[in-house]
1. Using a Förster radius of 25 Å, what is the FRET efficiency between A:Ala124 and A:Asp194 based on their Cβ-Cβ separation? Nearest 0.05, please.
2. In 5 Å bins starting at 0, how do the alpha-carbon pair distances of the range B:82-181 split up by percent?
3. Using only protein heavy atoms and a 1.4 Å probe, how much accessible area in total is buried between B and A, to the nearest 100 Å²?
4. Out of the total accessible area of chain A (probe 1.4 Å, heavy atoms of protein only), what percent is carbon and sulfur?
5. So what's the projected area for the range A:15-84, the Cα convex hull averaged over all directions, in nm²?
6. Given label points at 7 Å from Cα along Cα→Cβ, what nm distances, shortest first, separate B:Glu105 from the same residue in every other copy?
7. Take every Cα-Cα pair in the protein assembly as shown and report what % of them are more than 37 Å apart.
8. Based on the Cα gyration tensor of the range B:118-165, what are the three equivalent ellipsoid semi-axes, each the root of five times an eigenvalue, rounded to whole Å and given largest first?
Protein chains: 2
Amino acid sequence: MEWDPGPPPNIRTIFEAAPLAAYQAKPKRFRLEWGPHYYRGRLDGSAKALIVGQDPAADENVARRILVGDAGQRVQGLLQKLGLARSYVMVNTSLYCIYGQFDPELKAFTDVPEVAQWRNQLLAALAGPNIQAILAMGQAAQHVVDTWPGAAAFTAAGRVFKMLHPTARPEPSVKKDWNTHLAAIGAKVTADADGHRDLSPYPTGSFIQQDLADIPLRDFGFGAPAWMGTGNMATRLQAGKVPTMAKKNSTILWCALDKQG
Amino acid sequence: MEWDPGPPPNIRTIFEAAPLAAYQAKPKRFRLEWGPHYYRGRLDGSAKALIVGQDPAADENVARRILVGDAGQRVQGLLQKLGLARSYVMVNTSLYCIYGQFDPELKAFTDVPEVAQWRNQLLAALAGPNIQAILAMGQAAQHVVDTWPGAAAFTAAGRVFKMLHPTARPEPSVKKDWNTHLAAIGAKVTADADGHRDLSPYPTGSFIQQDLADIPLRDFGFGAPAWMGTGNMATRLQAGKVPTMAKKNSTILWCALDKQG
């Protein structure tokens, strides 16, 4: 048994100061009922790669960690290629799931002083001496890194990588984009002792099973089921229609009990 | 922010030795896909009350802690009356949700040597010097306590209380039964410094909101939504029919991805 115990005191203090009220003032843009989602991975300073993503989805709502579903398993596949079995940490641009796209309104939201200042404080705490690369995935994440003063030193050292988001479309473009970065990231990031580096490029085409990696159970809180992070496990109930995956699998309907989670 | 970090090393070692294979050999009696559920509450030796329940349900599958839904909020109401704000620990007779009732077959399962020995080892580890009362709720839990050699000393000291299960029927009988134990349990268990003891009996009738208490967020793993443990949040999808609560609330369908969780 290995699991993630939650944030250590220094990060906990930052999480406790998160600008949740700013999000809560925008109920039409954020799925507030599912609550904030802060991270996945190592918060103890051992991370060698800092990944910045966009926002959580249904799988993340269930797991209470970010980047664990489709997008997360693609990112995990990339980390596996780099030989990073555990030495990574991930945060998102948005603490809550968003409605719609990362449009000008949401971009402006990320620039609200209290939102930006808090995020920069968190990035500064996470980008400690062990961080060898920062991967900004998607335009929202790239904006976050662009507006973070602390990024300058990493950029100067060639350690910031602006990449397509794992679920950008069309899928083959993501793999193509990631291929252009593989060698450069690999040159900056050392593999973990228990990692198996393989920087061979992704084959062309859409994502296939071999491109993905399961999320390690150690990234979830205690008690997660063994299959968590091994596939696409959650979907929103929309218009009362039960999707096929829910008819095929043993399924629980999980209902939010309040407007703010 | 206060949350449950998972088991400390001594308890973790016991959890790692759980007889999961014995459960997995009985797929018709246990909902294996949702995985084992070990506990709720304090595992660090600070618990003053040890509660033994029966088996987890859908709410517990989501929370990955036991006694958090209907039954749990009734138990929490009882703990609140006793002034126990935090000093409790709970385990179940069965690590997995059961199909059907606690019938002779399942009673026999609890007596399988490897199942019973492991459970007794866990109870021994939890029933340390701070434990002032053991509450066995329901016939399954009572059988567990009856077959645990370590219970003898607690029984001799009048510290074992055999009570109806929180969701036994009819509901008024549960409150009536619990009323008969309130004063005696209160005589054995000291209230927490931040507890508000009120041993006034439950009013007659079915459970009402005032009889319940929310599950403290500190009993969940990091990242639980604020409303977790405040009501009935989860239900199984049966025959593809969406229940009313799922139509009324923002709902996620959570699908098990394997036969064993």
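1. Working: r = 29 Å, r/R0 = 1.15.
Calculated value: 0.30.
2. Pair shares across the bins are 2, 11, 21, 24, 21, 14, 6, 1.
3. Working: alone 12830 and 12800 Å², together 20960 Å².
In total, chains B and A hide about 4700 Å² from solvent.
4. Details: 5570 of 10470 Å².
Here it works out to 53 percent.
5. On the way: hull surface 21.9 nm².
Averaged projected area of the range A:15-84's Cα convex hull equals 5.5 nm².
6. 5.5
7. Details: 45348 of 135981 pairs.
The proportion of pairs with Cα distances above 37 Å equals 33 percent.
8. On the way: eigenvalues 47, 35, 17 Å².
Semi-axis lengths for the range B:118-165 are 15, 13, 9 Å.
The values are calculated or read from the model by the stated rules, or taken from the named source; none is laboratory data. Since the structure is predicted, the reported quantities are computational estimates derived from the model, not experimental observations. Please note: Cβ atoms are built from the backbone with ideal geometry, for glycine as well, and neighbour counts cover all protein chains shown. Surface accessibility is based on the protein's heavy atoms, side chains included, excluding ligands, DNA and RNA. Shrake-Rupley method; radii C 1.70, N 1.55, O 1.52, S 1.80 Å.
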